[in-house]
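Right, one structure below, let's go through it.
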Amino acid sequence: MALVNEHFLKLPNNYLFADIAKKVNAFKVMHPKADIISLGIGDVTQPLCPAVIEAMHKAADEMGTANGFRGYGPEQGYDFLREAILKNDFLPRGIHLDIDEIFVNDGAKSDTGNIQELIRWDNSIGVTDPIYPVYIDSNVMIGRAGTVENGKWSNVIYMPCNAENGFVPQIPNRRVDVIYLCYPNNPTGMVITREELRKWVNYALKNDTLIFYDAAYQAYIQDDNIPHSIYEIRGARRCAIEFHSYSKTAGFTGIRCGYTVVPKDLTAATLTGERIPLNPLWYRRQCTKFNGTSYISQRAAEAIYTPEGKEQVKKTIGYYMDNAKQMLTTLRSLGFECYGGENAPYIWMRVPQGESSWKFFENLLYGANVVCTPGVGFGPAGEGYVRFTAFGSHEKTEEALDRIASWSQG
Ligand SMILES: *Cc1c(COP(=O)(O)O)cnc(C)c1O
């Protein structure tokens, strides 16, 4: 008899966005003519930039020749891309990484979910709340999260981020083995200052804590004082693994490419206290379970580091950030309390007092035919907030804002 991994049964039945889709569909059935604008799901909308398209065409043509054909590539990625990463994402920030510390992947979701295979099942984990659901759910699947009660997992330490604490999570007053941080943050759109990040690194070094740092939105940082990488902080090489993605940076949500940094000085302990470097373990894991990102995707990623690629990618990010600015201005002028949106493509908005985030979601859907994401879907501290994304077109975003204005003033 094959016994099922019962930890899966503990997961909430539905993925947040499936719940949203269900409610939107119910609305559509009743109002078939309504034209719904989604500022909900975090997917990009603007086309890939010309430099990327050109690189992909070229790579595809190469694959059709005897000399240019590539089969399985190195599991950890081609050197041409890893070198471009070192040279462009880290060296200019004074960060010196070795090429073997870069693991190219098929997007950050896979690795943020898989990385927990490197640690024992009984480590304690801490998360900021609200949070990208992948971090917790991937731990639930192997039984590390415990059981759920009132929307919280028994073995997870939640660090609430809300308007009251300025969205700065409090450093735990006890030891936590593993902590997930994501900055700029999805869903709140808030960032962490160098000083605050230094506190986390110092905490981690002092308590022998491993930090999983998700930097998927670092390309959206506009303020020069905000760190793009945790390795800008001294000592982070000894306590942090960092995840990057080209999905939001360059519209690669359908291309699939990102990378993970596992520094060689990073270790975790055995029960007898021996220190084990995690870099060779991750290498071993990847060689066993991952056969590399496609050559064409990696050439596409390389192209964003060319002078033209950089310019073009920056332009698209600027396009989304113009939406964010417009959203902040309009929503605030309507009296809504808004956060984020200055260094990230998300606006985190407090719903009117006394309403739940799901109730507001429905009111907005029925009243303005605009879709947002209920904050509580990202964790208990998200209750009372909703998330809007800036990934729409200018036209749709503007129209959505006009509708929200008429609805809220009507
Ligand atoms: C979108 C996103 C990612 C990236 O996912 P990919 O798998 O690279 O597309 C990672 N982390 C967060 C928080 C995200 O929102």
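Check 131, 41, 119, 37 and return the single one that is more than 25 Å from residue 387 (Cβ to Cβ) and either within 16 Å of the ligand (Cβ to nearest atom) or of a type in the set (A, V, I, L, M) (or both). Answer to the check: 119. When 274, 242 are checked against the criterion of being over 22 Å from the mean Cα position of the chain (by Cα) and at negative phi, a single residue qualifies: 274. Return yes when residue 342 is out of contact with any Gly (no Cβ under 8 Å at 6 or more places or on another chain) and either in contact (Cβ under 8 Å) with a residue 40 or more places away in the chain or buried (at least 22 other Cβ atoms within 10 Å of the Cβ) (or both) and no when it is not. No. Please determine whether any residue of segment 310-319 is of a type outside the set (Gly, Ala, Ser) and open to solvent by less than 10 Å² (accessible area, probe 1.4 Å). Looking through segment 310-319, none of the residues is of a type outside the set (Gly, Ala, Ser) and open to solvent by less than 10 Å² (accessible area, probe 1.4 Å).
Can you go through 159, 141 and tell me which one is open to solvent by 30 Å² or more (accessible area, probe 1.4 Å) and touching a residue at least 12 places away in the same chain (Cβ under 8 Å)? First the steps, then the outcome.
Working: 159 fails: open to solvent by 30 Å² or more (accessible area, probe 1.4 Å).
After ruling out the rest, the residue left standing is 141.
Quick one: in segment 146-156, of everything that is free of Cβ contacts under 8 Å to residues at least 24 places away in the same chain and small (Gly, Ala, Ser), which residue is least open to solvent (accessible area, probe 1.4 Å)? Walk me through how you get there before you give the answer.
Filtering segment 146-156 down to residues free of Cβ contacts under 8 Å to residues at least 24 places away in the same chain leaves 146, 149, 153-154.
With the extra rule that they be small (Gly, Ala, Ser), the set shrinks to 146, 154.
Values: 146: 14, 154: 74 Å².
That would be 146.
Would you please name the residue that is nearest to residue 43 (Cα to Cα), looking only at residues in segment 322-356 that are in contact with a Cys (Cβ under 9 Å, 6 or more places away or on another chain) and part of a helix (DSSP H, G or I)?
So the residue we want is 327.
Do we have residue 335 as open to solvent by less than 70 Å² (accessible area, probe 1.4 Å), under 17 Å from the mean Cα position of the chain (by Cα) and of a type in the set (Gly, Ala, Ser) here? No, not satisfied.
The values are calculated or read from the model by the stated rules, or taken from the named source; none is laboratory data. Keep in mind the model is a prediction, meaning the values are calculated, not measured. Please note: Cβ atoms are built from the backbone with ideal geometry, for glycine as well, and neighbour counts cover all protein chains shown. With ligands, DNA and RNA removed, areas are computed over all heavy atoms of the protein, side chains included. Shrake-Rupley method; radii C 1.70, N 1.55, O 1.52, S 1.80 Å.
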